[in-house]
1. Regarding the stretch A:14-26, can at least one residue be identified that is of a type in the set (A, V, I, L, M, F, W, C), over 20 Å from the mean Cα position of the chain (by Cα) and surrounded by fewer than 24 Cβ atoms within 10 Å (Cβ to Cβ)?
2. Filter the stretch A:6-37 down to residues that are touching a Gly at 6+ places or on another chain (Cβ under 6 Å) and without any contact (Cβ under 8 Å) to a residue 12 or more places away in the chain and give me whichever is nearest to the other protein chains (Cβ to nearest Cβ).
3. Cβ-Cβ under 9 Å, sequence separation 6+ or interchain: first residue in the stretch B:208-223 and modelled with pLDDT under 95, partner among the hydroxyl-bearing types (Ser, Thr, Tyr). Which pairs?
4. Got a sec? Which of A:269, A:309, A:285, A:318 is closer than 25 Å to residue A:20 by Cα and not polar (S, T, N, Q)?
5. Just to be sure I understand the filter: pairs with C-beta atoms under 9 Å, separated by 6 or more residues or on different chains, first member in the stretch A:41-68 and assigned by TED's automatic domain parsing to the domain that holds residue A:94 and free of Cβ contacts under 8 Å to residues at least 40 places away in the same chain, second member among the β-branched types (Val, Ile, Thr) and assigned to a loop (DSSP other than H, G, I, E, B). Which pairs pass?
6. Could you list all residues from the stretch A:144-164 that are surrounded by fewer than 22 Cβ atoms within 10 Å (Cβ to Cβ) and within 22 Å of the chain's Cα centre (by Cα)?
7. Between a residue in the stretch A:342-359 that is surrounded by 23 or more Cβ atoms within 10 Å (Cβ to Cβ) and any residue that is among the β-branched types (Val, Ile, Thr) and at pLDDT below 95, which pairs come within a Cβ distance under 6 Å, given they are 6 or more apart or on different chains?
8. What's the number of the condition residue B:133 fails, among (1) part of a strand (DSSP E or B); (2) in contact (Cβ under 8 Å) with a residue 40 or more places away in the chain?
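The values are calculated or read from the model by the stated rules, or taken from the named source; none is laboratory data. As the structure is a computational prediction, the values presented were derived from the model and not from experiment. Cβ: placed from backbone, ideal geometry, glycine included. Neighbour counts: every protein chain shown.
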Amino acid sequence: MTTGDLFNPTEEHRMLRDLITEFTQQEVEPQASTHDASGTMNVELMRKVGELGLLGITIPTEAGGAGMDSVGAVIVHHELSKSDPGFCLAYLAHSMLFVNNFYHCSSEQQRARYLPRVLSGEWIAGMGMTEPGAGTDVLGMSTTAVRSGDHYVLNGTKTYITNACEGHCFLVYAKVEGRVSAFIVDRDCPGFTTSQHIEKLGMRGSTMAELIFDDCRVPVANLLGEEGQGITHMMRNLELERLTLAAMSVGIADRCVDIMIRHAQERRAFGEPLVNFGQIQRYLADGYAMTEAAKSLVYHVAHHCGPDARNRIGTDAAKLFAAPVGKTVADYAMQVMGGSGYCREYPVERLWRDAKLLEIGGGTIEAHQKNLSKDLTRSRPLA
Amino acid sequence: MKIGICAKVTADTDARLSPSADGGSFEFSGKSVVGPYDMFAVEEAVQTKEKHGGDTVVFTVGAESDVLSQLRGSVLALGVDKAVIVEDPALANADALGVARALAKAIEAEGVDLVFCGKQAIDDDNVQVPAMIAGLLGWAQVSRVTAFAVDGTSFTATRAMDGGIKQVVSGNLPVLITAERGLNTPRYAKLPAIMKAKKKPTERRDLAALGLSAEAVAPKVSTSAYGSPPERPSGKIIEGDTDTVVAELVRLLREEAKVL
């Protein structure tokens, strides 16, 4: 039964939000600043998330998942990012970029081997697409896979890979005779290594490193689908990736709105609370309005996006709009808080650092503009 | 063994309670939750079922439209098997005794051996209903329990007393237990259980179905008014050099606050 509520369309969605809200307040918020400072991912917390049944949120119950839709995935990313976008990014890399993608392109044998491990969090997973020489220009990737008996031999490097430091397995794109194909690469595949942890500005509750393939031998059984089907797998999953990244920006903006509204009432200057000053009112009102607009767009698109409902235009638009909102509203919150907002004692500076990544990762702002222009003109050709 | 839980859907702990404009009722802003002490009762019921088997059923008084969703998400999704909601227009203004009569009849009808309640609700802080249910059923009651065990038809409970003293009591079922903080750590609902919670049986019963008349739950105590506490007076800022400020502060503490 639907409730007519854009954000909680069914009772299950509302219960999911209550669960994530409580879990975030009790378990996620207390560890966020510690892992931000150390630049480490909380593996134990990821396993707790696995115990709640959230690591396979979008895959069917028959396969061990929760059988929820894109709105459910958006709710989790929205709520987790109110406290710890860095940890949420690790969750996204595991549950969206690996689990969701893997499920839709794997065989029964492959599912039997990997799903129990990644759904429980026993194995941490990630996805390798970006290369040192191919980011937005993803089809220009140079990692190759050559068939050699019952193995493929992979050569190349993937970079900026979330969960690379902790990951036990990765979904990796490589070209077989020039055609993009998808493979599962286990940590112990001969010839596979990961680089040192790449230090970054924000999202420090997740790690990032290179995946290095040096004559890496991957069993033929680890090819996902058929040779040359990688583009289809990639494009389908990029939509959910963009949507959930946009939901993270909404979570950051939502939290920052809460923080600045509270601060503007508590903090006084010239004998009055800050909220009485017009310049501060602008930050509060504009920040709130743009957050609500982003939230509405992201949830609206989520209602029309799924494995059987492709929506490249919607998901590009959602992330194109929401990512700068997250960054701008975090900046507003810091401005309202003044010096305290800039200090590590409060969460705003962490959210402000985290927010920037969402204008880059999972598609740069410029990539979304390019894709949208192309798709919009294609859908409205001149007569 | 059949295990019951009494739960009240109430204002969340961070909700603001305020008297209504006419002072005849109170309102709150924010979301509804199953009371936090009731959640200890739910967890203990589920743990007891996991150890000894049996069925669990949650009882509440309220409008189904107001409480069912919270019962599903916070009680049924945690492993409780069934919900019984007592809803009747005559209960709208019931006092603690009226609510207790309705719950006691529902508990009796289900053939329950053991009931867990939170030690109190967190909105009206009445702390009356569990004791009244036990009295109406003629059962033993152990209040503010921090540890509990069943062995066959007997139980042992540890209860918190003033000054940190612990009292250990034992007896035979049936018994009504009220849960104190520390009895256990309530688990989180798992998402697959949330997705299945809607399939668990829920039954709505009115007073007639329980063999009660409207007169039987008519309030014996009526609320004349709700009022807010008086606003705290604003603080005083004492100005001047250190000697003046200290002298004035001491004078005010002695003469106005009368704490010295």
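1. Checked the stretch A:14-26: no residue is of a type in the set (A, V, I, L, M, F, W, C), over 20 Å from the mean Cα position of the chain (by Cα) and surrounded by fewer than 24 Cβ atoms within 10 Å (Cβ to Cβ).
2. Among those that are touching a Gly at 6+ places or on another chain (Cβ under 6 Å) and without any contact (Cβ under 8 Å) to a residue 12 or more places away in the chain, it is A:15.
3. B:223/B:25
4. The unique qualifying residue is A:318.
5. A:66/A:57; A:66/A:58; A:66/A:59; A:67/A:57; A:67/A:58; A:67/A:59
6. Initially, the stretch A:144-164 is screened for residues surrounded by fewer than 22 Cβ atoms within 10 Å (Cβ to Cβ), giving A:144, A:146-151, A:153, A:155, A:157, A:159-160.
A:157, A:159, A:160 - these are the residues of the stretch A:144-164 that are surrounded by fewer than 22 Cβ atoms within 10 Å (Cβ to Cβ) and within 22 Å of the chain's Cα centre (by Cα).
7. Once the first residue is surrounded by 23 or more Cβ atoms within 10 Å (Cβ to Cβ) and sits in the stretch A:342-359, no partner that is among the β-branched types (Val, Ile, Thr) and at pLDDT below 95 comes close enough.
8. Only one criterion is unmet by residue B:133, namely (1).
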